[in-house]
1. Can you list residues from other chains, or at least 5 along the same chain, whose modelled amide H is less than 5 Å from the amide H of Val136?
2. Applying 1/(1 + (r/R0)^6) with R0 = 45 Å to the Cβ-Cβ distance of Ser194 and Glu99, what FRET efficiency is obtained, to the nearest 0.05?
3. Show me 116-123, 61-68, 131-138, 74-81 ranked by packing, highest mean number of other Cβ atoms within 10 Å first.
4. What do the square roots of 5 times the Cα gyration tensor eigenvalues come to for the stretch 82-211, in whole Å, largest first, as semi-axes of the equivalent ellipsoid?
5. Would you mind checking which residues have amide H under 5 Å from Thr102's amide H? H placed 1.01 Å from N; only 5 or more apart, or other chain.
6. Taking Cα pairs under 8 Å and at least six residues apart, what relative contact order does the stretch 82-211 come out at, in percent?
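Every number here is computed from the coordinates shown, using simple stated rules; none is lab data. Worth saying up front: this structure is predicted, and the values here are computed from it rather than measured. Neighbour counts run over all protein chains shown; Cβ positions are idealised from the backbone, glycine included.
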Amino acid sequence: KAIDVETKEVDSDANATALISITALSPAAEETDESAGAGAGVPEDKPFATFFIQRKNQGSNFKKPNPMVHNKPHAVMTVMQQKLTNIMLRHAQQNQPVEPATWKISVEEMLRLLNVKTRNYEHIEKTIDELMSIKVRLDVFEEKGLAKHFAVVFPYAKFYAGEITFKIESKAILLLGDSPSYTSLDLLELSALSKVCSVPLFEFCSRYLGI
């Protein structure tokens, strides 16, 4: 099923967020009569993901959808891989794509959320390259039981001129913006963790303890 990503910015209060709709177009949705006008809203048969852009300081909070909290990688992910995954997903959730399903994030912003100061980017570049080969099973507690579908969340990523350009898998995009429940994470707090198991434990506790 093809995913067509559309972005649209709407009016909002000065200190509020700007709303972006990311729509997955199905064959049925494409046949929907578009003559009803802008006030007709989104047809019921058209699934959509809602993303939010923070106009000012975005801080370090990430509203991670619970289907993404409950994940199982095909191989054990390093602490750095887990942290970069959260940073890139958060960036996609809060910023417009530069192309369909494609985002750019500066190395400076990535280092800020990692809470490190360095000019040696080789480790980050290597970690991003490794993410393109790691399959992850998302939403493992779906209604029909354990999900069996593994997918590479970041099928493309490139480090160039102080920026990382990356793509996100289509199902992950929908989960990222269309989940009715989420876990609030502070990525600067999470940056202090150093054990492989500590990141998922931090996320689980953040969800169930409401911290």
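1. Counting only residues 5 or more places away or on other chains, the set is His74, Ala151, Val152, Val153.
2. Working: r = 35 Å, r/R0 = 0.78.
Result of the calculation: an efficiency of 0.80.
3. Details: 116-123: 9.6, 61-68: 19.9, 131-138: 17.4, 74-81: 15.1.
So the order, starting with the most tightly packed, is 61-68, 131-138, 74-81, 116-123.
4. On the way: eigenvalues 110, 73, 40 Å².
Working through the eigenvalues yields semi-axes of 23, 19, 14 Å.
5. Those qualifying (amide H under 5 Å, at least 5 residues apart or on another chain) number zero.
6. Details: 136 pairs, mean separation 34.4, N = 130.
Relative contact order comes out at 26 percent.
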